[in-house]
Amino acid sequence: MNTKQNLNLTLKIWRQKNNRTKGRFEIYKISDVSTESSFLEMMDMLNANLIDQNLEPIAFDHDCREGICGMCSLYINGRAHGPDTGIATCQLHMRMFHDGQTIVIEPFRSTAFPVIKDLIVDRSSFDRIMAAGGFISVNTSGNTLDANSILVDKEDADKAMDAAACISGGACVACCPNGAAMLFVGAKVSHLALLPQGKVEAKRRVLNMVKAMDDEGFGNCSVIGACEVECPKHISLDNIARMNREYMSAWLDK
Ligand code: SF4
Ligand code: FES
């Protein structure tokens, strides 16, 4: 890891007009990048340089820039979200790189995440899986039971909170050789199934979300475990096991 300095870098970046055209890597040089800047600030610098030269800037996704929204889906030097662990691309700092380095930047690649442009992919497949069951139905008639009056086991509450940390970015899919989305779906199924409010619809939820996942073309889990390693929120493989148990129990009850 570097102390403060300015870096001169070579960037090999995937450019693609849209999902119907073939993409290619293009090479860009960038100089005087502070090791104190973030990776996305470096991308901003590059785009400012391109605009100054009347060239088309590179399209990449970002929103919160603080590890919350899951939008910053970049594959950097062969790893989802780059060389650091437990962070999203927006939390990656240039001190993780060294002067003279070549950095390869690609979109998250998966059949279920088609490229929209350059480094931006369409992850609406995740939205459709959530719409299939990633919610609870609440009686809002005015007779709703106060949530604080429902006791929740501390261990279950902790596990539900850990699963709810998933930011739906899709690093798990991008790094999985099967293109599986089971860590994402496992986290979403688990965080609701563990809580009393989520148990009412638990069986219908897991059946519908797993069906939606299969319909979107995601692959099957073969317990390689790359998803857990590359997940910016350290979502545990235990969530996949819990989803499988929930699914089996719901399927037997059909
Ligand atoms: S499980 Fe982890 S890698 Fe997968 S979408 Fe959620 S936060 Fe991202
Ligand atoms: S931009 Fe929101 S998590 Fe990175």
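Could you put Trp251, Trp14 in order, starting from the residue whose Cβ has the fewest other Cβ atoms within 10 Å?
Fewest to most other Cβ atoms nearby, the residues stand as Trp251, Trp14.
Taking the Cα centre of the chain as origin, work out the dipole magnitude from +1 charges on Lys and Arg Cβ and -1 charges on Asp and Glu Cβ, in debye rounded to 20.
For this selection, approximately 720 debye.
Please give the length that would be gained between Thr111 and Thr85 if that part of the chain were fully extended, namely 0.36 nm times their separation in residues minus their C-alpha to C-alpha distance (nm, one decimal).
Stretched fully, the Thr111-Thr85 segment lengthens by 6.9 nm.
If exposed GluC sites (Glu not before Pro) are those in a DSSP loop with at most 15 other Cβ within 10 Å, what is the longest stretch of the chain that has none?
After excluding every exposed loop site, the longest remaining stretch is 67-254.
Round to the nearest 10 and give me the degree value, 0 to 90, for the angle of helix 154-164's Cα axis relative to the longest principal axis of the chain.
Helix 154-164 sits roughly 40 degrees off the main axis of the chain.
Answer rounded, prolate or oblate for the chain, using the Cα gyration tensor with square roots of eigenvalues a ≥ b ≥ c: rounded when a/c is under 1.5, else prolate when a/b is larger than b/c, else oblate.
The shape class here is prolate.
Quick one: which residues, 5 or more positions from Lys117 or on another chain, have an amide H under 5 Å from its amide H? H modelled 1.01 Å from N in the peptide plane, none for Pro or chain starts.
Distant-sequence amide H within range of Lys117: zero hits.
Please list the non-local residues whose amide H lies under 5 Å from the amide H of Val104, H modeled 1.01 Å from N, same-chain partners needing a gap of 5 or more.
Lys12, Asn77
Which one of Cys69, Thr102, Cys172 is farthest out on the positive end of the charge dipole of the chain, using unit charges on Cβ (Lys, Arg +1; Asp, Glu -1) and the Cα centre as origin?
Cys172
Quick one: order Phe113, Phe184, Phe25 by neighbouring beta-carbon count within 10 Å, fewest to most.
By the 10 Å Cβ count, ascending: Phe25, Phe113, Phe184.
When Met248, Met209, Met43, Met96 are ordered from fewest to most other Cβ atoms inside 10 Å of their Cβ, what list results?
Sorted ascending by nearby Cβ count, the order is Met248, Met96, Met43, Met209.
If each of Cys64 and Asn19 carries a label point 7 Å out from its Cα toward its Cβ, how far apart are those two points in nm?
Label-label distance for Cys64 and Asn19, simple model: 2.6 nm.
Helix-derived [θ] at 222 nm for the chain: sum -39500 (n - 2.57) over DSSP H runs of at least 4, divide by residue count, nearest 500? Walk me through the numbers on the way to the answer.
Values: 9 runs with 88 residues, N = 254.
Roughly -10000 deg cm²/dmol at 222 nm, from the helical runs in the chain.
Give me the number: length gained by fully extending Ile136 to Val152, i.e. 0.36 nm times residue separation minus the C-alpha to C-alpha distance, one decimal in nm.
Result: 4.1 nm gained on full extension.
Past the 23 Å Cα-Cα mark, which pairs from Lys159/Lys254; Lys154/Lys199; Lys211/Lys254; Lys199/Lys254?
In this structure, Lys159/Lys254 lie more than 23 Å apart at Cα.
Roughly how many debye, to the nearest 20, is the charge dipole of the stretch 124-252 about its Cα centre, given +1 on each Lys and Arg Cβ, -1 on each Asp and Glu Cβ, and no other charges? List each step's numbers first, then the result.
Values: 12 positive and 15 negative charges, 57 e Å.
My answer is approximately 280 debye.
Each reported figure results from applying straightforward, stated rules to the coordinates on display, with no laboratory input. The model shown is predicted, which means the values in this text are computed figures rather than measured ones. All Cβ positions, glycine included, derive from the backbone under ideal geometry; neighbour counts span all protein chains shown.
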